[in-house]
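Asks: After the structure tokens below, expect a handful of questions from me.
The values are calculated or read from the model by the stated rules, or taken from the named source; none is laboratory data. Because the structure is predicted, anything quoted here is derived from the model rather than measured. In this analysis, Cβ positions are derived from the backbone assuming ideal geometry, glycine residues included, and neighbour counts consider all displayed protein chains. Just the protein is used for accessible areas: all its heavy atoms, side chains included, with ligands, DNA and RNA removed. Shrake-Rupley method; radii C 1.70, N 1.55, O 1.52, S 1.80 Å.
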Amino acid sequence: MKTGFELDFVARTLRITGVVLLISLPFGIYYFGIWPALAFFSGGIWGMVNLIFLSSLIRTAIRPGGADTTRAVGFAVIKFPLLYLAGYALLKVPRFEPLHLLAGFSVLFLVMLLKATARALLGLDETGEHNSNPGQV
Amino acid sequence: MDYQSMLSWALPIGVGVAAFGSALGIGRAVGSAMEAMGRQPEAAGKIQTAMIVGAAFIEALTLYALLVFIMLQGKIGG
């Protein structure tokens, strides 16, 4: 039986986060204004890209067959200096509030938490069917 | 000691503690994941996913600390 922590858990989390961000963008623009909504959206996108590179880095560097050094170094170089510089650049955009960026960045973790909680509480396995062992996430 | 002096001490110490805690957390996570994969290579996928999620949460906490530092940095007067 498949459980919620199979390999595509991260991919599904990213997909749902993207959908949540896309849906919240027009509502954010309408209710809070363009800059807070854009900051929220940018924070979320930054978090998603960060998770993509983190998971790629871990999958290439830490695996049973030994690390794929070239790819791992490539991902590390993109993730640590470039992505963090991009985050710093986002923070320095004059109209972006750090709090809005932070809220957008947190959407990803909220999705992860809700997915894990739902699976634990409802006892759903990956296919949406009921799990015989609800405590297993 | 006034508010600004306390803040100028607390902010770098706070970020340092957060970075130290995250480094310990990620180090332990990677170490345990390697050990687990060595014992059960067939479960590598699940272990990697759990590790990615854990590492993401740990990294997020450090980023929160850094952002709080940046947000409060402006309150330290010259």
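Asks: Go through segment A:63-79 and give me each residue that's of a type outside the set (D, E) and under 22 Å from B:A50 (Cβ atoms). Outline the logic, then answer.
Replies: Let us first name the residues in segment A:63-79 that are of a type outside the set (D, E), namely A:63-67, A:69-79.
Across segment A:63-79, the qualifying residues are A:R63, A:P64, A:G65, A:G66, A:A67, A:R71, A:A72, A:F75, A:A76, A:K79.
Asks: Let me ask you something else. Given the criteria in contact with a Leu (Cβ under 9 Å, 6 or more places away or on another chain) and farther than 20 Å from B:Y64 by Cα, does A:A61 qualify?
Replies: Working: in contact with a Leu (Cβ under 9 Å, 6 or more places away or on another chain): no; farther than 20 Å from B:Y64 by Cα: yes.
No, not satisfied.
Asks: Also, I was wondering about something else. What do you reckon, is B:V68 in a helix (DSSP H, G or I), within 10 Å of another protein chain (Cβ to nearest Cβ), touching a residue at least 12 places away in the same chain (Cβ under 8 Å) and of a type in the set (V, I, T)? So that I can check it myself, show each step before the final result.
Replies: Details: in a helix (DSSP H, G or I): yes; within 10 Å of another protein chain (Cβ to nearest Cβ): yes; touching a residue at least 12 places away in the same chain (Cβ under 8 Å): yes; of a type in the set (V, I, T): yes.
Considered against the rule, which asks whether it is in a helix (DSSP H, G or I), within 10 Å of another protein chain (Cβ to nearest Cβ), touching a residue at least 12 places away in the same chain (Cβ under 8 Å) and of a type in the set (V, I, T), B:V68 comes out as yes.
Asks: Name the residues in segment A:91-106 that are open to solvent by less than 40 Å² (accessible area, probe 1.4 Å) and of a type in the set (A, V, I, L, M), would you? Before the answer, list the steps.
Replies: Step one: of segment A:91-106, the residues open to solvent by less than 40 Å² (accessible area, probe 1.4 Å) are A:91, A:96, A:98, A:101-102, A:104-106.
Within segment A:91-106, A:L91, A:L101, A:L102 qualify.
Asks: Could you say which residue among A:G66, A:G43, A:G47, A:G74 is closer than 24 Å to B:K46 by Cβ, open to solvent by less than 40 Å² (accessible area, probe 1.4 Å) and part of a helix (DSSP H, G or I)?
Replies: On the way: A:G66 fails: part of a helix (DSSP H, G or I); A:G43 fails: closer than 24 Å to B:K46 by Cβ; A:G74 fails: closer than 24 Å to B:K46 by Cβ.
After applying the criteria, what remains is A:G47.
Asks: Could you say whether any residue in segment A:106-119 is modelled with pLDDT of 90 or more, of a type outside the set (A, V, I, L, M, F, W, C) and outside any helix (DSSP H, G or I)?
Replies: no
Asks: Can you confirm whether B:S5 is away from chain A (no Cβ under 11 Å), among the polar types (S, T, N, Q) and open to solvent by 40 Å² or more (accessible area, probe 1.4 Å)? Before you say what the answer is, go through the steps one by one.
Replies: Working: away from chain A (no Cβ under 11 Å): yes; among the polar types (S, T, N, Q): yes; open to solvent by 40 Å² or more (accessible area, probe 1.4 Å): yes.
For B:S5, the condition - away from chain A (no Cβ under 11 Å), among the polar types (S, T, N, Q) and open to solvent by 40 Å² or more (accessible area, probe 1.4 Å) - is met.
Asks: State yes or no: is B:M71 open to solvent by 60 Å² or more (accessible area, probe 1.4 Å) and in contact with a helix residue (DSSP H, G or I) (Cβ under 6 Å, 6 or more places away or on another chain)?
Replies: Working: open to solvent by 60 Å² or more (accessible area, probe 1.4 Å): yes; in contact with a helix residue (DSSP H, G or I) (Cβ under 6 Å, 6 or more places away or on another chain): yes.
Against the criterion (open to solvent by 60 Å² or more (accessible area, probe 1.4 Å) and in contact with a helix residue (DSSP H, G or I) (Cβ under 6 Å, 6 or more places away or on another chain)), B:M71 qualifies.
Asks: Filter segment B:22-49 for residues that are hydrophobic (A, V, I, L, M, F, W, C), over 16 Å from the mean Cα position of the chain (by Cα) and open to solvent by less than 40 Å² (accessible area, probe 1.4 Å) and give the result.
Replies: Of all residues in segment B:22-49, those hydrophobic (A, V, I, L, M, F, W, C) come to B:23-24, B:26, B:29-30, B:33-34, B:36-37, B:43-44, B:47.
Within this subset, residues satisfying the condition of being over 16 Å from the mean Cα position of the chain (by Cα) are B:33-34, B:36-37, B:43-44, B:47.
Scanning segment B:22-49 gives B:A33, B:A36, B:M37, B:A43, B:A44, B:I47.
Asks: For segment A:50-63, what are the residues that are within 15 Å of the chain's Cα centre (by Cα), open to solvent by 40 Å² or more (accessible area, probe 1.4 Å) and under 25 Å from B:E35 (Cβ atoms)?
Replies: Within segment A:50-63, A:F53 is the sole residue that qualifies.
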